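Report on the structure given below.
The values are calculated or read from the model by the stated rules, or taken from the named source; none is laboratory data. Predicted model only: the values in this text are computed from it and were never measured. Quick reminder, even Gly has a Cβ in these numbers, built from the backbone with ideal geometry, and neighbours come from all protein chains shown.
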Amino acid sequence: MDNLALIEAFGDFKEIKNISKIDLMAIIEDSLKTLLRKRYDSDDHFDVIVNPDKGDFQIFLNKTIVEDEMSEDDDLEIEISEVRKIDSTFEVGEEYTQEIEVANLGRRSILTLKQILATKIQEHFNASLYEQFKDRIGEIIIGEVHHIRHKHVILLDDEDNEFILPKENQIPSDFFKKGETVKGIVESVDFRGSKPQIIVSRTAPKFLEELLELEIPEIQDGTIILKKVVRIPGEKAKIAVDAYDDRIDPVGACVGVKGSRIHGVVRELKNENIDVIQWSKNPEIFVKRALGNIIINKIEINEESNYALVYTPVEEISKVIGKQGQNIKLASWLTGYEIDVYRETSDDDDVELREFSDEIEAWIIDEFKKVGLTTARSVLDKDTDALLKIVDLEEETIEDVKNILREELEG
C-alpha cells in the first residue's frame, strides 16, 4: 500500500469535503512533519515533498555516513559498509538519503498520524468557516431548528453549519419547534476555543432592513433608499425611506397596494407594526412625519443639543407618546432628536410671563422666550430636567420661577 492509499484508508479522511487538493496536500505535509517531530524530536533530518498535481507525497530521511561500529543512532546514522553495498563511491561524513514509506513507520505512528490529520483538518475547516461567515455579517441565513435550549436555539443550514440564536436575539413572541425553518441575520462570528461560534439575530434593525430588501425590488436595485430603520422587536418599527427620482413615491412602493408588499415582512416579525415614513432633510418635517398622523401645531428644533419640542393639543398627547411610550421613543431614534411634548392649553387660565416682571428678572424671562415658552403654563407643563436641556438657567433658578408661577395659578 503506497503512502496516499494508506492515508485514504482512514475512514474519516474519506469524508473530507470542500478542501482543495493543494490545501489537502499542505495539511498532509504539515501533519507528517508534526509526526516526525513527535517520533524523532526533530524533523531537521527529513525532507517531505508533496506533489499536488499527482496528489502524492514522499518522505526522505537524510542519514550521516559513519565508520563501521561507530553508529550511535540508527535512525540518523548509517555505517559505511551498508551504503557501499548500494553505491561504492560513498564516503564517511557524507549524507545518505533514504525514502521512507509511511507504512514502515509502525502501527503506533500511523495511528498518531491519523489523529494529527483529523485535528489539522478540523482546524482548517474551522478557519475556513470563520472566514466564510465573517464576511457574511449582516446577511440573512436560513436554518432548521436542531436543538431548543433554555437560553438559545441551535440552527443548522443545508451544509450542517451550526448557528446560535440566543434568547435575547429572539422576538418576544417567537416560539420554535424542532425541524422548523427560521430566518435571522448573522450578527457576529467569534472563536470559542478552537471552534467558530456564529451568532444570529432576529431583533436587530439590520434584520428588518434585509427582509425589506428581499420583498421590495426597488430597494434591491437602489431606486428606493433605506435611510434608517429602528424597531422595538415584535412591537413596533419605523423606517425612513427616500427615492432618487422625485416621481417615485417611496412610501407607497414599500407598502404596496393594501399593504401587500410589507405584509410578508410583518408576518415574519410576528406582526410587528411597521410605520413607513418619507425621509426629509428638513428636521421639522422629518420629526412631524416620524411621529405619525398627529395634529402638531408647532415644532421647535435645537440643533446644538439635538432636541425637538413639539406643541400639540392635549387630546393628541396619548397619540404622540404611544403605547408604553413606543411612538415617541422610536421617532426620537429615527430622527436623532430627543423629542419632548408641550401640552397646549387654553389661554383663559394662563398668564403671560411678562406679567411676572416684578418677581422674575427680565433676563430670565427672556431665556424662556428664546425657546418659545412665553406663558406660565408653558413653563409649568415641562419637567425641570427637560427645561435644563433647552434654557441656559440653573436648576435652582428654574425651580424658583416655577414656585412663583404656581402661586399665581394655583395659589
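Some points to look at:
- Among the residues of region 107-157, those that are assigned to a strand (DSSP E or B), touching a Phe, Trp or Tyr at 6+ places or on another chain (Cβ under 7 Å) and buried (at least 16 other Cβ atoms within 10 Å of the Cβ) comprise Ile141, Gly143, Val145, Val153, Leu155.
- Condition met for Phe46 (under 16 Å from Ile116 (Cβ atoms), at pLDDT below 75 and aromatic (Phe, Trp, Tyr)): no
- Residue in region 191-207 that is surrounded by the fewest Cβ atoms within 10 Å (Cβ to Cβ), counting only those that are under 17 Å from Ile141 (Cα atoms) and charged (D, E, K, R): Lys206
- Restricting attention to region 84-106 and to residues that are among the aliphatic types (A, V, I, L, M) and at pLDDT below 80, the residue that is surrounded by the fewest Cβ atoms within 10 Å (Cβ to Cβ) turns out to be Ala103.
- Hey, Gly325 at positive phi and assigned to a loop (DSSP other than H, G, I, E, B) or not: no
- Scanning region 43-102 for residues that are of a type in the set (Val, Ile, Thr) and over 26 Å from Ile28 (Cβ atoms) yields Thr64, Ile65, Val66, Ile78, Ile80, Val83, Ile86, Thr89, Val92.
- Hits in region 48-76 (condition: surrounded by fewer than 15 Cβ atoms within 10 Å (Cβ to Cβ), farther than 20 Å from Arg108 by Cα and without any contact (Cβ under 8 Å) to a residue 24 or more places away in the chain): Ile49, Asp53, Lys54, Asp68, Glu69, Met70, Glu72, Asp73
- Test: Ile164 is surrounded by 16 or more Cβ atoms within 10 Å (Cβ to Cβ), touching a helix residue (DSSP H, G or I) at 6+ places or on another chain (Cβ under 6 Å) and closer than 30 Å to Lys236 by Cβ: no
- Filter result (closer than 16 Å to Leu409 by Cα, assigned to a loop (DSSP other than H, G, I, E, B) and modelled with pLDDT of 85 or more) within region 350-372: Glu359, Ile360
- For region 219-319, the helices (runs of 4 or more DSSP H) that sit wholly inside it and include 1 or more residues that are surrounded by 15 or more Cβ atoms within 10 Å (Cβ to Cβ) and modelled with pLDDT of 95 or more are 283-291.
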